[in-house]
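First up is the structure itself, then whatever we jot down about it.
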Amino acid sequence: MKKKIGLILLVLAFAGIIIGASILYNKLSKEENKNTLVTNQDTQTQEISDTEVTESDETQENTEETQQEYNPAPDFTVIDKDGNRVSLSDFSGKPVVINFWASWCGPCQSEMPDFNEAYIQYKDDIEFMMINITDGMRETLDSAKSFVDSTEYVFPVYFDTELSASSVYNTYSIPVTYFVNGEGELVAYGVGAMDAETLQKGIDMITE
């Protein structure tokens with residue numbers, strides 16, 4: 001009897017350790033990925049700090065000498081809610097915010113209100129492509145459209161039914177957001193749920 005009680009206590013203790021480790025891991029992962037923007041340049045990928053986003057007077061005086069060159073944003077084709085094919089290149093000359101999401105993704109849903117507000121504010125100057133990863137298994141057109149219809153969001157939603165966009169951007173974790181400037185260059189990206197401040201920082205980077 002004592003052996004059984006001891007075994008049960010041992011199992012409960014082990015389970016407690018596993019659960020605690022899992023909670024700690026998830027917390028640390030969220031803190032590490034949340035609200036971080038990374039540049040995508042030809043020569044390097046580096047984390048953006050507040051001081052880098054705001055140009056100093058000296059930098060402004062030497063804009064031509066310090067201008068950064070970025071990689072071209074890979075083109076892709078998705079479909080809109082009416083089934084029309086739309087490509088990133090269709091918005092050439094205009095800054096674009098690309099966001100990958102799915103209806104089953106909690107962090108994706110948590111950041112959508114901020115994206116919706118940003119779209120309402122910048123829709124005349126910036127194109128927003130809220131791209132649903134419609135893989136036909138975990139996410140279908142029906143489930144994705146049903147989710148969209150249940151919300152009051154007004155940002156444009158696109159469906160990656162051929163996985164053209166998610167494949168070319170190597171999207172293995174969502175949500176993830178990319179910021180493309182008017183020259184079609186990939187300026188920065190952020191992995192994980194993004195708050196309004198970080199979203200604004202990315203927008204500033206492609207409109208300045």
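The values are calculated or read from the model by the stated rules, or taken from the named source; none is laboratory data. In this text the structure is predicted, and so the values were computed from the model without any measurement. Here the Cβ is made from the backbone with ideal geometry for all residues, glycine too, and neighbour counts use every protein chain on show. With ligands, DNA and RNA removed, areas are computed over all heavy atoms of the protein, side chains included. Shrake-Rupley method; radii C 1.70, N 1.55, O 1.52, S 1.80 Å.
Each label point was placed 7 Å from the Cα along the Cα-to-Cβ direction; for Thr207 and Ser150 their separation is 3.2 nm. Across segment 109-122, coupling constants 3J(HN,Hα) worked out from phi with the 6.51/-1.76/1.60 Karplus curve, θ = phi - 60°, read 5, 5, 8, 4, x, 5, 5, 5, 5, 5, 4, 4, 6, 10 Hz, and Gly and Pro carry x. Which whole-number percentage describes the relative contact order of segment 121-204, with Cα contacts under 8 Å and a sequence gap of 6 or more? Dividing the mean separation by the residue count of segment 121-204 yields 23 percent. In order along segment 149-157, the Karplus-derived 3J(HN,Hα) couplings, from 6.51 cos²θ - 1.76 cosθ + 1.60 at θ = phi - 60°, round to 5, 7, 10, 10, 5, 10, 5, x, 10 Hz, and Gly and Pro are given as x.
Among the protein heavy atoms, those of Asp195 account for about 50 Å² of accessible surface (1.4 Å probe, every chain in place).
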